[in-house]
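Structure first, then comments.
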Amino acid sequence: MSRIPKILLLGLAASLFSMPLWGANHRISKAVDALGRDVSGDRQAVTIGKPAGHPLVVQITDARGRPVAGARVVFVPVGEGTAQLEPDTAASDLKGNAISRIIPHKQLETIYVQAHLAANPKKAVTFSFNSYQNHWWLISLLGAVGGLVLFMFGIRFCSRGLQKAAGTKLKQMLWSLTDNRFKGLGVGILVTAIVQSSTATTVMLVSLTNAGLESLSQVLGGILGADIGTTITVQLIAFKLSDYCLALVVAGFLAMMIAGKRPWRYYPQIVFGFGLIFFGMKLTADSLLPLKSMPWFLALFAGMGSLPLLGVLIGVMFTLLVRSSAVTIGIMLTLAFQDLIALPAAMPIIIGANIGTCGAALMAAWGGNQESIKVAWGHTIFKVLAGIAALIFIAPFIALVQRFGGDAARQIANAHTIFNVLASLLFLPWLKPFGKFLNQMIPMVSPEQKTFAPKYLDDRALETPSLAIGQVSQELLRMADLVRDMLVRSCEVLEKNDICLRNQLVADDDKVDLLEEAITPFVVKITQEDLSGDQSSRGVELLYIVNDIENIGDVISKNIMGHAAKKIEQHLAFSEGGLDEIRSLYRETLATLDLAIGALASGDLELARNAHNRKDQVLALKKELYKKHLGRLQAGFKESRETSTMHLDLLSDFERINFHASQIGAALLGRAK
């Protein structure tokens, strides 16, 4: 019995002697689950004055990796008064886990907490946290959305400045499209680089096919160029100029104030727009900073590369929502600036954004004319095929992009550009057969099947006032040609007493009215945009012209055809001299209208001046013909007596048409009354 106490004392002494060595053999690490995922609570966002949502968890193991229970762990904030740990000392449980929870006291970009073994302070791990005020998530959300709005507004403002600086040169560039595919590709790139919108370029190209100025295959070549041109915006955004964004905003604003009405006033708009783009990106990037502290968010994008179809769907849906692939890619760049996304995760979204931009064009073309539908379908099929090919070869494609180097943001911008360049070059040789395929897929509608409607007006063009004004001019020419044809046939009705032709003319006036009802509100919408002085004057001019053309149609259908119906029903006939006088005034009126239409089509001010100067000339002729008619009445001609009122009214009607035709010339000269 006397030996037992000695054994116990020896064992206790040995245990006490070995405690430092016991702690030295233990290891401390951040806790992970059975799948190796971090569950330690590291890098989370925390709210000042409130316990963290997830506890800090460290795991104590022995040299063989087995959990150690009862090991004491001390949790210490780095920096005085930055945070409180509850508890500040904890013992590990049977799983080897020691748990504490942080309560931050200060708003710092990063708070650090060290956890170390009480028995061996050198064995330690460090946690980091981002601390924010209450409702930080709401502040971050508003900041991100506000930054996105500024970003989109900056793109729009910059685009407007570029378009105004380019002026009418845009249409001249597009008219230079030829059967040379590479030239068409280059024109598409250049125009889209100027307008900063592939949609605007597409609308311009569709208007050329509607007018018969370009073939479908030529237009498709321009659209391939537009796809490349729109990537230039993304390449510029990838330059991280956030430190200078406010300098660009201030410089652009001051220059706009100084510029006034000077010819170079549009260039400060471009600078101001770019400043807003980069400021919006900076605001969004700063607002997304808390996401770096959220493992679930990082895991979401980290896993996107293994779920490419989901990424494509996200890219398509978001691009359909914002109607701009540049905005979608811009958000990817913002995430990349904060190291929240890498190229493998972003690539499927890039593919989806490229497909989504066609979806917006396809929906806009729905219910439109055939050419716009063909172009929209052609663009969509091309993008979908390119997207499928990119998904199949996504791994080598990513490797190719990464060979060019750069940070994650630059790689994303390069991927967007390379995707569109490769797709366009591969598709370029097949434009003509693809155009034939589209013509077979969407066959021409016979004239009998067509519903009469505006052919050139497209609301998408309103964002590009110079383009929208061009579309109105084309529609006005269509309306003027219709009225001219009515005028020519009106004389036939009077000569031949053709009641069927008379009824057809009255029906044609409904078409004129339909075009007027479409053109007038469209021009009003244009005038509500941010216009240059010349564009504002042109808008007013177009309103005068559409009103004059519509009045000509009304005079023909309601007045002249009203007299024609009476003449046919009552079997009346003009005297030979009276009919010759009506023909004479008709020919003079037609000549004035032809001059006005020629001036409207060509912009030739000399033709407009000649049309305007004929007003008094034809008025004098009418008065002379009045006197001749009175002479026949005094001579007792029977036909002249029976048709006297009708004869004089018809002379007045043709003179009235001549007046409106001369007013078209006056409007083009800027002297509309």
Every listed condition ((1) surrounded by fewer than 13 Cβ atoms within 10 Å (Cβ to Cβ); (2) assigned by the TED database to the domain that holds Gly280; (3) aliphatic (A, V, I, L, M)) holds for Ala144 save (1)
Taking the stretch 235-282 and the residues there that are among the charged types (D, E, K, R) and part of a loop (DSSP other than H, G, I, E, B), the one that is nearest to Thr328 (Cα to Cα) would be Lys240
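If you go through the stretch 510-525 one residue at a time, do you hit one that is free of Cβ contacts under 8 Å to residues at least 40 places away in the same chain, farther than 30 Å from Met646 by Cβ and among the β-branched types (Val, Ile, Thr)?
Scanning the stretch 510-525 turns up at least one residue that is free of Cβ contacts under 8 Å to residues at least 40 places away in the same chain, farther than 30 Å from Met646 by Cβ and among the β-branched types (Val, Ile, Thr).
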Exactly one condition in (1) part of a helix (DSSP H, G or I); (2) among the aromatic types (Phe, Trp, Tyr); (3) at pLDDT 85 or above is not met by Tyr112; state its number.
(1)
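Give the stretch 554-586 a look and list any residue that's polar (S, T, N, Q) and in a helix (DSSP H, G or I), or say none.
At the first step, the residues of the stretch 554-586 found to be polar (S, T, N, Q) are 557, 559, 570, 575, 584.
Answer for the stretch 554-586, where residues must be polar (S, T, N, Q) and in a helix (DSSP H, G or I): Ser557, Asn559, Ser584.
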Which number in (1) surrounded by fewer than 17 Cβ atoms within 10 Å (Cβ to Cβ); (2) out of contact with any Ser or Thr (no Cβ under 6 Å at 6 or more places or on another chain); (3) more than 23 Å from Leu289 (Cβ to Cβ) marks the one condition that Leu117 misses?
(1)
Note on the stretch 147-158: residues crowded, with 22+ Cβ neighbours inside 10 Å, of a type outside the set (A, V, I, L, M, F, W, C) and closer than 15 Å to Val271 by Cα are Gly154
Quick one: in the stretch 352-387, of everything that is at pLDDT 75 or above and polar (S, T, N, Q), which residue is farthest from Val312 (Cα to Cα)?
Thr380
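How many residues are among the aliphatic types (A, V, I, L, M) and at pLDDT 90 or above when one looks only at the stretch 522-539? Give the steps one after another, and end with the answer.
Filtering the stretch 522-539 down to residues among the aliphatic types (A, V, I, L, M) leaves 523-524, 526, 531.
Those left that are additionally at pLDDT 90 or above: 523-524.
Residues in the stretch 522-539 being among the aliphatic types (A, V, I, L, M) and at pLDDT 90 or above: 2 in total.
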Note on Asp530: of the conditions (1) outside any loop (DSSP other than H, G, I, E, B); (2) over 21 Å from His660 (Cα atoms), unmet is (1)
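Output the helices (runs of 4 or more DSSP H) that fall wholly within the stretch 314-419 and possess 1 or more residues being of a type in the set (A, V, I, L, M, F, W, C), within 22 Å of Gly280 (Cβ to Cβ) and in contact with a helix residue (DSSP H, G or I) (Cβ under 9 Å, 6 or more places away or on another chain), or say none.
On the way: elements: 325-337, 343-365, 370-392, 394-403.
Per the criteria, 325-337, 343-365.
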For the condition touching a helix residue (DSSP H, G or I) at 6+ places or on another chain (Cβ under 7 Å) and part of a loop (DSSP other than H, G, I, E, B), what is the one hit in Phe434, Phe452?
Phe452
Taking Lys95 as meeting all but one of (1) surrounded by 17 or more Cβ atoms within 10 Å (Cβ to Cβ); (2) more than 44 Å from the chain's Cα centre (by Cα), write down the number of the exception.
(1)
In the stretch 256-284, which residue that is in contact (Cβ under 8 Å) with a residue 60 or more places away in the chain and among the charged types (D, E, K, R) is surrounded by the fewest Cβ atoms within 10 Å (Cβ to Cβ)?
Lys261
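The values are calculated or read from the model by the stated rules, or taken from the named source; none is laboratory data. None of these values were measured; they are calculated from a predicted model. Every residue, glycine among them, receives a Cβ derived from its backbone with ideal geometry; neighbour counts consider all protein chains shown.
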